[in-house]
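What follows is a short report on a single structure.
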Amino acid sequence: MTNDVLIMRGVTREYAVGGPFAKKKTLKALRGIDLTVSRGQTLGLVGESGCGKSTLAKILLGVEEPTAGIVLVDGRPLNSYDRLERAKLIQPVFQDPYSSLNPRMTVEAIISAPLAVRGVGTRVSRRKRVEELAAEVGLPRHLVDAYPSQLSGGQRQRVAIARALIGEPKILICDEPTSALDVSVQSQILNLLHRLKQELNLTMILISHNLAVVHHLADEVAVMYLGQIVERGPSEEIFERPHHPYTDALLKAVLIPRPGSRLPDLGLQAEFPSPLNPPSGCAFHPRCPYAQADCSRIAPATRGEQRSYRCHYPLNLVEASLTSAAS
Ligand SMILES: Nc1ncnc2c1ncn2[C@@H]1O[C@H](COP(=O)(O)OP(=O)(O)O)[C@@H](O)[C@H]1O
Ligand SMILES: [Mg+2]
């Protein structure tokens, strides 16, 4: 069996948008995503709001179907698994632990629901498993009988993580798991995910608009822009030597924190473009400080394998040509 748990090839998702009387337009939320995730690895998926991160998560969770392309989990097309099988493949942890937990259920009922639905075990054995998991995710034991309203945001997110883990899914998808939490709690949840990843050898997709959030957890990072992956590679390499000017801008935004701003201020010229009307050529060219004339005409192909990027003038090559010109 291959070690690639997840393979996505050419995954595209289009939405028809516009009112009942207006002419329908096509919004391309994902434009040909290629991704591979190996067992036990964490993939960090980063990019500004609107670039398609949650759409990708929804496709993996089976909430949305791709309009084109293929998704394989353990070598089998995702849509060939039935609903119950799917629940054992991929489990989510969402951004907002306030709206994602049923307020009328106790913590025990919430965490054990995935097992209860499938009729796995007895009430007593499920209770035992919930208590073990509560300990594993750092939730005080007495809170197992509490309701979500009695918990803090961080405790709720621990419940969401325990619920996601109870069925031992092949992949855990965390979509902005800390962005709704206080700054002081964010690092606790990230540390918890880090420990679980090591102890349970989890395969994880960690989605964030903030590169700093994925830095310590991700083995590999994929940077998304307007529905495409523009750069991908081992986490340390992406952080130390970004090749794509967009990755570089995201990194600089992390280094210069702007208090009060939840989204990174990229310090780039133009605003994030509309996916209804993506720029010609390289979609990043209107905001790119290094853009040349051909960037607006020719869409760059993906170059490289393990370390790949989609750019005509990547920073590594620009630097190399400057050094050779100087010598
Ligand atoms: N159900 C939908 N119908 C129409 N457009 C959508 C729908 N879901 C998402 N989009 C659009 O797709 C793009 C990507 O959205 P999303 O995946 O939520 O981005 P992200 O999670 O990176 O912020 C956005 O322009 C968004 O408005
Ligand atoms: Mg999102």
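FYI, it's all coordinate maths here, none of it is from the lab. Since this is a predicted model, take the numbers as computed values, not measurements. Glycine also receives a Cβ, built like all others from the backbone with ideal geometry; neighbour counts cover every protein chain displayed.
Please state the charge dipole magnitude for the chain, taken about the Cα centre, from unit charges on C-beta atoms (+1 on K and R, -1 on D and E), reported in debye and rounded to the nearest 20. Numbers along the way, then the final one.
Working: 38 positive and 32 negative charges, 192 e Å.
Dipole size: approximately 920 debye.
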Give the value in nm², to one decimal: projected area of the alpha carbon convex hull of segment 187-249, averaged over all directions. 4.5 nm²
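For the chain, what is the mean residue ellipticity at 222 nm derived from helices alone (per DSSP H run of n ≥ 4: -39500 (n - 2.57); sum divided by total residues; nearest 500 deg cm²/dmol)?
Working: 10 runs with 107 residues, N = 327.
The helix contribution divided over the chain gives -10000 deg cm²/dmol.
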Sum of side-chain charges, F94 neighbourhood, beta-carbon under 14 Å (Lys, Arg +1; Asp, Glu -1): +2
Using θ = phi - 60° and Karplus 6.51 cos²θ - 1.76 cosθ + 1.60, couplings along segment 195-204 (whole Hz; Gly, Pro as x): 5, 4, 4, 6, 5, 9, 6, 5, 9, 9
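Find, to one decimal place in angstroms, the Kirkwood hydrodynamic radius of segment 34-89, where the mean of 1/r is taken over every pair of different Cα atoms and then inverted.
Numbers: mean 1/r = 0.0792 Å⁻¹.
Kirkwood hydrodynamic radius for segment 34-89: 12.6 Å.
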Could you give the angle, 0 to 90 degrees to the nearest 10, between helix 153-165's Cα long axis and the longest principal axis of the Cα atoms of the chain? 80 degrees
Would you grab the residues whose amide H sits under 5 Å from the one on G62? Only those 5+ places off in sequence or on another chain, please, with H modelled 1.01 Å from N. none
Which values, in whole Å and largest first, are the semi-axes of the equivalent ellipsoid of the chain obtained as the square root of 5 times each eigenvalue of the Cα gyration tensor? 37, 22, 19
For V230, what residues show an amide H to amide H distance below 5 Å, using hydrogens built from the backbone and excluding near sequence neighbours? V223, M224, Y225
Between segment 41-71 and segment 274-310, how far is it from one alpha carbon centroid to the other, in angstrom? 20 Å
Using θ = phi - 60° and the Karplus form 6.51 cos²θ - 1.76 cosθ + 1.60, what ³J(HN,Hα) does each residue of segment 32-49 get, whole Hz, x for Gly and Pro? x, 7, 10, 8, 9, 10, 8, 4, x, 9, 10, 9, x, 10, 10, x, 5, 3
Greater than 25 Å apart at Cα, pairs in K25/K170; K28/K58; K28/K197; K58/K252: K25/K170; K28/K197; K58/K252
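Relative contact order of the chain, please, whole-number percent, based on alpha carbon pairs below 8 angstrom and at least 6 residues apart. Display every interim value, and only then the final one.
On the way: 600 pairs, mean separation 63.7, N = 327.
Reported relative contact order: 19 percent.
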Note, ³J(HN,Hα) from phi for segment 68-85, Karplus 6.51, -1.76, 1.60, rounded to Hz, x at Gly and Pro: 7, x, 9, 10, 10, 10, 6, x, 10, x, 4, 7, 8, 8, 7, 4, 5, 4
0 to 90° range, to nearest 10: angle between helix 245-255 axis and the chain longest Cα axis: 60 degrees
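Among S112, S99, S54, S324, which comes first, then next, by fewest other beta-carbon atoms within 10 Å? Show your work: numbers first, answer last.
Details: S112 25, S99 12, S54 18, S324 8.
Fewest to most other Cβ atoms nearby, the residues stand as S324, S99, S54, S112.
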Once amide H atoms are built 1.01 Å from N in the peptide plane, which residues 5 or more positions from G281, or in another chain, come under 5 Å H to H? A299
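Starting from the exponent 0.38 and prefactor 2.2 Å, build the expected Rg for segment 91-192 from its residue count and divide its actual Cα Rg by it. Write down the numbers at each step before the final one.
Details: Rg = 12.7 Å, N = 102, 2.2 N^0.38 = 12.8 Å.
So segment 91-192 has a normalised radius of gyration of 0.99.
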Nearest 10 degrees, 0 to 90: helix 123-136 Cα axis against the chain principal axis: 50 degrees
Roughly how large, in nm² to one decimal, is the mean projection of the convex hull of the alpha-carbon atoms in segment 1-119? 10.3 nm²
Cα coordinate range in segment 88-142, projected on the principal axes (Å, largest first): 30, 27, 23
What residue among V93, V185, V107 shows peak mean-square fluctuation when the chain is described by a Gaussian network model with Cα springs under 10 Å? V185
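Give the order of R232, R241 when sorted by the count of other beta carbons within 10 angstrom, beginning with the fewest.
Details: R232 26, R241 14.
If I rank by nearby Cβ atoms, fewest first, I get R241, R232.
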